[in-house]
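Contents: one structure, followed by commentary.
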Amino acid sequence: MPRRRLFYLLAVVALLGQMAFAMVTTAVSQSPTIDEPVYVGAAEVYRQQHSLRYNPEHPPLGKLAIAAGLAFGGATLDPAFEGNQTRLGRHLLYESGNNPFRLMLLARLPIILLTLAFGLVVLAFARDLAGPAGGLIALALYAFSPDVIAHGSLATLDVPAAGLLLIAFWTAWRARERPKLYLPLAGVALGAALATRMSVLPAVPILILIVALSMWKAQASRPRLRTRMLLVAGAAVGVGIIAIAVVWLSYLAVDPRLRWTTPPDLPHPGGLKGLAVDLMPFPQAYRDGMLVQFGFEDKLYNGFLLGESYRGSPWYYMPVALLIKTPVGMMLLWAAGAVTLLVLPRLRAAALYLLPVSAVLMLVTMTGARNFGTRYVIFMPLFLAVAAGTVALWRWRWARIGTAALVATVAAGSVMTFPTYLPYSNIVFGGTANTHENLHDANVDWGQDLPRLSAYLDGREAWLVYKGAGVPSYYGIRSRNPFDVPEDQVRGLLVVSDSRVALATGRLKRLIESSTPVAEVGHSMTVYQR
């Protein structure tokens, strides 16, 4: 093996190795985040009971991946349990004699492996566009992304959906040269993304157009326009059919009989939105899950941004949150990569495979009702890492030095926030220790730090206002609810999840204002002395 190739391979292994270490270390040190027990409970029901009745708002494929890890856990689940999906997760993890630490690690490991595999896709896509150096730049940005590490180490669906969508666009790009091989793979990847999260649906028309473009390029040598047009149309339809088939297969994998009963109280929006759902060529459970999602979007939620609480969903929330949560060097390289794609003539076609889908998904998210975290735009560090890799094509000496320096700052910031990746924010906004002053929920405090709180308290009793899915007593935390007694009896240590601090009103606000902050636990919980 040539020495240069060996060094390249070692660099790839080192980047993915540090990412694997960071994710596994994070996974074993965190209590379940708010969404995880829902997915884990539904996955175990899939595995043991072959039932689709839980968590219909998300398709099953990502949870089937979680179930693959749970298969090694030997979990006990009461077949007669009839609670809702939130109670199901708590029942499985804490009330059925199972080991929650073991089950959560097993549930998280398949997502960790998928996240590492997506790193290879980022590398390959960027290599296709900008050569080996571009591939390494893209992989470094991906592997050191605090958001990707944070959410790639959780048994959730955000990273799997984004990674599968990236595969769809990468294989569509490669189909420009080998359509017979890569177009079917693009259909499979698109179907897998749709079978993981419905939030990728806005990307479908973009990918179908991209597929048509790839096929048009692949058939450039055909002289007859009609034949070329038919092949283009056939490719677009074929990819769509494959994607639809994959969605159906994911539901059939759970229950070959597709047993599903539409909830009696499920609202139907009517109009064009309702018609679009009715016309979807997917199982009834998928379409009903889409209606559940519409129901979520019709609600008003409390939010918190730049130190101000509000009710509703300002359009600028997600861009600002992304500005806070993304390393500065990474954002600069994203911008430089986007400019490179648009300026260099040889890359303008590639820009269509990366930039429109990123922009459309971002715009759709900006119109959404749920201001709960940058995990909703986790596709950005994947697609834009590939775009950033194209800066390797600039041959100016200072461009190379600047690129290396920016990548180094990203790596340094990521290493410095270890192992508390979830509450990361960049240095411009005060760093990880200050995130709770600007954002809330999954940006900083998702219930993940019960083990760290237990270590901090070290057997001491505290008043606790916790937002999360874990059971504090299971982690050896001796706590009482400060709302159960008069305010003047709340003395000693008061621990409040930072998301509760951000939105505090009434009695909790008075308790906080009359207390002295003495510590931060995991940058997600504040400890007060009263």
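The values are calculated or read from the model by the stated rules, or taken from the named source; none is laboratory data. Because the structure is predicted, anything quoted here is derived from the model rather than measured. Here the Cβ positions follow ideal geometry from the backbone for every residue, glycine too, while neighbour counts run over all protein chains shown. In case anyone asks, the SASA skips ligands and DNA or RNA and just uses the protein heavy atoms, side chains included. Shrake-Rupley method; radii C 1.70, N 1.55, O 1.52, S 1.80 Å.
Side notes on the structure shown:
- Which listed residue is hydroxyl-bearing (Ser, Thr, Tyr), open to solvent by less than 10 Å² (accessible area, probe 1.4 Å) and either in contact with a helix residue (DSSP H, G or I) (Cβ under 7 Å, 6 or more places away or on another chain) or free of Cβ contacts under 8 Å to residues at least 40 places away in the same chain (or both), from THR409, THR435: THR435
- Residue match in the range 371-378 (condition: open to solvent by 30 Å² or more (accessible area, probe 1.4 Å), touching a His at 6+ places or on another chain (Cβ under 9 Å) and either more than 18 Å from PHE296 (Cβ to Cβ) or assigned to a loop (DSSP other than H, G, I, E, B) (or both)): yes
- Of all residues in the range 12-68 being of a type in the set (D, E, K, R) and part of a helix (DSSP H, G or I), the one that is farthest from ALA150 (Cα to Cα): ARG47
- Scanning the range 247-266 for residues that are in a helix (DSSP H, G or I) and touching a residue at least 60 places away in the same chain (Cβ under 8 Å) yields a total of 5.
- When the range 371-398 is filtered for residues that are modelled with pLDDT under 95 and not charged (D, E, K, R), the ones remaining, listed by number, are ASN371, PHE372, GLY373, TRP394, TRP396, TRP398.
- Note on the range 497-517: residues that are in contact with a helix residue (DSSP H, G or I) (Cβ under 7 Å, 6 or more places away or on another chain), in contact (Cβ under 8 Å) with a residue 24 or more places away in the chain and either open to solvent by 40 Å² or more (accessible area, probe 1.4 Å) or more than 16 Å from ILE34 (Cβ to Cβ) (or both) total 5.
- Some residue of the range 129-144 being in a loop (DSSP other than H, G, I, E, B), in contact (Cβ under 8 Å) with a residue 40 or more places away in the chain and either surrounded by fewer than 24 Cβ atoms within 10 Å (Cβ to Cβ) or in contact with a Ser or Thr (Cβ under 7 Å, 6 or more places away or on another chain) (or both): yes
- Those residues of the range 321-370 which are over 22 Å from the mean Cα position of the chain (by Cα) and outside any helix (DSSP H, G or I), in sequence order: LEU344
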